[in-house]
């Protein structure tokens, strides 16, 4: 019975995860002390109970495209773009922010004076649904939070009820581009969209 109870206690500690805050001990008038040490090999950051320190970048596991496009036509000033998916595979929520939007080598250095470009995002917890990247042909992007995706089982906090296997939806978001520009000829533009990721502590 004592062995069974001991096994149950160890199992509970393992499955609850080693995320509990460590209690301190005071060593007073004593010459030695013991510290319990727990370790994990092959920690899986897709599981909420993984023994990875809270807020550590090792929690980040997000799927996003490697490239994206926007376009318009000479006959239509509205900028169009496919919709791109963002998926958080992590055991912790992840906050996604715009870091910077920089111009690369383009076929023209003269942009239309009415060229406006925005990044538009959707998701369960959106901080900024539309963020200006270019206004009047000038880069305007400033760093800022876009959205936070729930973890791989739809939890924003440890108290949230996990979704059924394969049923997560709050861990997904999208982005697309919108805006306008008057273009009388082909202008091939190149930019780099830099995003920043932050694992949210439970």
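Structure summary
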quantity: Qualifying residue in segment 148-168 (condition: within 30 Å of residue 187 (Cα to Cα) and either within 18 Å of the chain's Cα centre (by Cα) or crowded, with 17+ Cβ neighbours inside 10 Å (or both)); calculated: no
quantity: Number of positions in segment 169-202 that are within 18 Å of residue 83 (Cβ to Cβ), under 12 Å from the mean Cα position of the chain (by Cα) and not in a loop (DSSP other than H, G, I, E, B); calculated: 4
quantity: Matching residues, segment 169-195, being surrounded by fewer than 20 Cβ atoms within 10 Å (Cβ to Cβ) and either within 18 Å of residue 45 (Cβ to Cβ) or in contact with a helix residue (DSSP H, G or I) (Cβ under 8 Å, 6 or more places away or on another chain) (or both); calculated: 172
quantity: Top-ranked residue of segment 114-136 - restricted to ones that are in a loop (DSSP other than H, G, I, E, B) and touching a residue at least 40 places away in the same chain (Cβ under 8 Å), ranked as surrounded by the fewest Cβ atoms within 10 Å (Cβ to Cβ); calculated: 114
quantity: Any strands (runs of 3 or more DSSP E) falling wholly within segment 28-96 and containing at least 2 residues that are farther than 21 Å from residue 145 by Cα; calculated: 71-73, 76-80
quantity: Condition met for residue 62 (over 27 Å from the mean Cα position of the chain (by Cα) and modelled with pLDDT of 85 or more); calculated: no
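The values are calculated or read from the model by the stated rules, or taken from the named source; none is laboratory data. Note that the coordinates shown come from a computational prediction; the quantities given were computed from them, not determined experimentally. Counting neighbours? That spans all protein chains shown, and the Cβs are built from the backbone with ideal geometry, glycine included.
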